[in-house]
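Below is a structure I'd like to ask you about.
The values are calculated or read from the model by the stated rules, or taken from the named source; none is laboratory data. All values derive from a computational prediction rather than experimental measurement. Here Cβ is always computed from backbone atoms with ideal geometry, including for glycine, and neighbour counts include all displayed protein chains. The accessibility values were calculated without ligands, DNA or RNA, using every heavy atom of the protein model including side chains. Shrake-Rupley method; radii C 1.70, N 1.55, O 1.52, S 1.80 Å.
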Amino acid sequence: QVQLVESGGGLVQPGGSLKLSCAVSGSVGSIYAMKWYRQGPGSERELVAGITVDNIINYADSVKGRFTISQDNAKNTVYLQMNPLKPEDTAVYYCNVREERVGGLYQYEHWGRGTQVTVSS
């Protein structure tokens, strides 16, 4: 069973920073992409940032220049450095991991439970 454990969320003032972490454990195959999504109040879940095993990175336009995604392949961990934060960044942030097994014959997607980020003065 694959588990994703997110950490690093919390309450921060506008202009502040937070760093989210997502550690993958369990019987996981070859991870080929790790992503962060978020879902704000009354909003649909949206992609924030993604990184592939080859370090190809993409960001949502709303966070470009403010957020940085990175990964530690040895630790199966993905990070999201966020600064400066804005009130509109308030959301539950979810980690998403995509893996493949048997030479790519099977592909799986896993989600974390989410961590709350609140940006408010």
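Regarding the range 28-37, can at least one residue be identified that is small (Gly, Ala, Ser), closer than 27 Å to residue 1 by Cβ and at pLDDT below 95?
Within the range 28-37, the subset small (Gly, Ala, Ser) is 29-30, 33.
Remaining after also requiring closer than 27 Å to residue 1 by Cβ: 29-30, 33.
Applying the additional criterion that residues be at pLDDT below 95 yields 29-30.
Scanning the range 28-37 turns up at least one residue that is small (Gly, Ala, Ser), closer than 27 Å to residue 1 by Cβ and at pLDDT below 95.
If I ask for residues that are assigned to a helix (DSSP H, G or I) and small (Gly, Ala, Ser), which ones from the range 62-77 would you list? I'd like the intermediate steps shown before the answer.
The first filter runs over the range 62-77 and keeps only residues assigned to a helix (DSSP H, G or I), leaving 73-75.
Listed by number, the list holds a single entry, 74.
Another question about this same structure. Please tell me if residue 34 is more than 20 Å from residue 101 (Cβ to Cβ) and either open to solvent by less than 40 Å² (accessible area, probe 1.4 Å) or aliphatic (A, V, I, L, M) (or both).
Working: more than 20 Å from residue 101 (Cβ to Cβ): no; either open to solvent by less than 40 Å² (accessible area, probe 1.4 Å) or aliphatic (A, V, I, L, M) (or both): yes.
The answer is no for residue 34.
Given the condition in contact with a Pro (Cβ under 7 Å, 6 or more places away or on another chain), outside any strand (DSSP E or B), open to solvent by 60 Å² or more (accessible area, probe 1.4 Å) and at pLDDT 95 or above, answer yes or no: does some residue in the range 78-85 qualify? Break it down into steps so the answer makes sense when it comes.
Initial filter on the range 78-85 (in contact with a Pro (Cβ under 7 Å, 6 or more places away or on another chain)): 85.
Next, from what is left, pick out any that are outside any strand (DSSP E or B): 85.
Still in the list and also open to solvent by 60 Å² or more (accessible area, probe 1.4 Å): none.
The answer is no; no qualifying residue exists.
Okay, next question. So, in the range 86-106, how many residues would count as being surrounded by 14 or more Cβ atoms within 10 Å (Cβ to Cβ) and part of a strand (DSSP E or B)?
Total meeting the criteria: 10.
Does residue 20 count as closer than 12 Å to residue 117 by Cα and either open to solvent by 20 Å² or more (accessible area, probe 1.4 Å) or over 15 Å from the mean Cα position of the chain (by Cα) (or both)? Write out each step before concluding.
Details: closer than 12 Å to residue 117 by Cα: yes; either open to solvent by 20 Å² or more (accessible area, probe 1.4 Å) or over 15 Å from the mean Cα position of the chain (by Cα) (or both): no.
Judged against the criteria, residue 20 is not a match.
Mind checking which pairs have a first residue in the range 48-64 that is closer than 22 Å to residue 90 by Cα and a second that is open to solvent by 80 Å² or more (accessible area, probe 1.4 Å) and of a type in the set (A, V, I, L, M), Cβ under 9 Å, 6 or more apart or different chains?
The qualifying pairs are 50/56.
Could you list all residues from the range 1-42 that are of a type in the set (Phe, Trp, Tyr) and under 9 Å from residue 95 (Cα atoms)? Lay out the reasoning, then the answer.
Restricting attention to the range 1-42, the residues satisfying the condition of being of a type in the set (Phe, Trp, Tyr) are 32, 36-37.
The answer is 36, 37.
I want to confirm something. Restricting to the range 99-121 and keeping residues that are over 29 Å from residue 89 (Cβ atoms) and small (Gly, Ala, Ser), which single residue is farthest from the chain's Cα centre (by Cα)?
Result: 103.
Scan 51, 57 and give me the residue that is over 19 Å from residue 9 (Cα atoms) and under 10 Å from the mean Cα position of the chain (by Cα). Before you say what the answer is, go through the steps one by one.
Numbers: 57 fails: under 10 Å from the mean Cα position of the chain (by Cα).
Selected residue: 51, the only one of 51, 57 that is over 19 Å from residue 9 (Cα atoms) and under 10 Å from the mean Cα position of the chain (by Cα).
Let me ask you something else. Just to check your reading of the model, which residue among 69, 51 is among the hydrophobic types (A, V, I, L, M, F, W, C), under 17 Å from residue 100 (Cα atoms) and surrounded by 15 or more Cβ atoms within 10 Å (Cβ to Cβ)?
Values: 69 fails: under 17 Å from residue 100 (Cα atoms).
Just a single option satisfies the conditions, and that option is 51.
A further question on this structure: Does the range 57-66 hold any residues that are surrounded by 14 or more Cβ atoms within 10 Å (Cβ to Cβ) and of a type outside the set (Lys, Arg), and which are they? Spell out how you get there, then give the answer.
Narrowing the range 57-66 to residues surrounded by 14 or more Cβ atoms within 10 Å (Cβ to Cβ): 59-60, 63, 66.
Selection gives 59, 60, 63.
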